[in-house]
Amino acid sequence: MKNILSLAAIALIAQLGACSKTAPEETTEPLSVFAAAGKCDRTIHCKNQEPAECAGFLGEITSGEKVALFGLQPRFLEKLGELGQVRCVDIDPELVGTAPQGVLIEPPENTEDVISWADRLLVTGSATVNDTFSRFTDTGKPLHVFGTTGAAMSEVLNLNRFCRKSL
């Protein structure tokens, strides 16, 4: 999958040239090559209360299910705990073993067990950057990518994306 994304990005960059390097607080222009080409949207991170507001929409994709959250997003963890059962895996060693919202943050070594346990997967788009995303694509479980990092990948691979408050 990494090769597919790389080839798609290279082809699009070749067609478009350079993209904007202006900081999000200085512009509303797309910061992603794919966004600049009109191939995806919502590529600028939400801020302030928006992550909590975004989490409020999680009931649209899950309720009463066992959800695996890959990549801690604190407001998502809180809301998923209200909606049903949740387990969370993160690669940050400082987070592993902590229990925000009363949910133990598990190490990456537990990924296969957590996938087997879950009814639905909610995966950070950052998994494409840290080269862990491929383990989530062929599970047969509903998969939703969250965050701005997964915008282009979600479009290219026709994946469900959950990112309600980013620009």
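Assorted remarks:
- For first residues located in region 126-148 and without any contact (Cβ under 8 Å) to a residue 60 or more places away in the chain and closer than 14 Å to residue 112 by Cβ, partners that are part of a helix (DSSP H, G or I) and of a type in the set (A, V, I, L, M, F, W, C) and lie 6+ apart or on another chain with Cβ distances below 6 Å form the pairs 139/115.
- Pick from region 141-167, criterion more than 8 Å from the chain's Cα centre (by Cα) and small (Gly, Ala, Ser), ranking: modelled with the lowest pLDDT: 166
- Yes/no for residue 124 being within 22 Å of residue 47 (Cβ to Cβ), of a type in the set (Ser, Thr, Tyr) and touching a strand residue (DSSP E or B) at 6+ places or on another chain (Cβ under 8 Å): yes
- Here residue 40 meets the list (1) of a type outside the set (Ser, Thr, Tyr); (2) modelled with pLDDT under 85; (3) on the phi > 0 side of the Ramachandran plot; (4) crowded, with 18+ Cβ neighbours inside 10 Å almost entirely, failing just condition (3).
- One residue from 150, 81 being part of a helix (DSSP H, G or I) and in contact with a strand residue (DSSP E or B) (Cβ under 7 Å, 6 or more places away or on another chain): 150
- Count - residues of region 121-140 that are outside any helix (DSSP H, G or I), modelled with pLDDT under 95 and closer than 22 Å to residue 65 by Cα: 7
- None of 75, 87 is outside any loop (DSSP other than H, G, I, E, B), crowded, with 16+ Cβ neighbours inside 10 Å and touching a Pro at 6+ places or on another chain (Cβ under 6 Å) except 75.
- Subset of region 71-113 [under 17 Å from the mean Cα position of the chain (by Cα) and of a type in the set (A, V, I, L, M, F, W, C)]: 72, 76, 77, 80, 86, 88, 89, 91, 105
- From 135, 75, residue being closer than 20 Å to residue 56 by Cα and of a type in the set (Lys, Arg): 75
- Region 52-72 - residue that is surrounded by fewer than 20 Cβ atoms within 10 Å (Cβ to Cβ) and not hydrophobic (A, V, I, L, M, F, W, C) and, of those, modelled with the highest pLDDT: 66
The values are calculated or read from the model by the stated rules, or taken from the named source; none is laboratory data. Quick caveat: nothing in here was measured; it's all calculated off a predicted structure. No Cβ is skipped: glycine too gets one built from the backbone with ideal geometry, and neighbour counts run over all protein chains shown.
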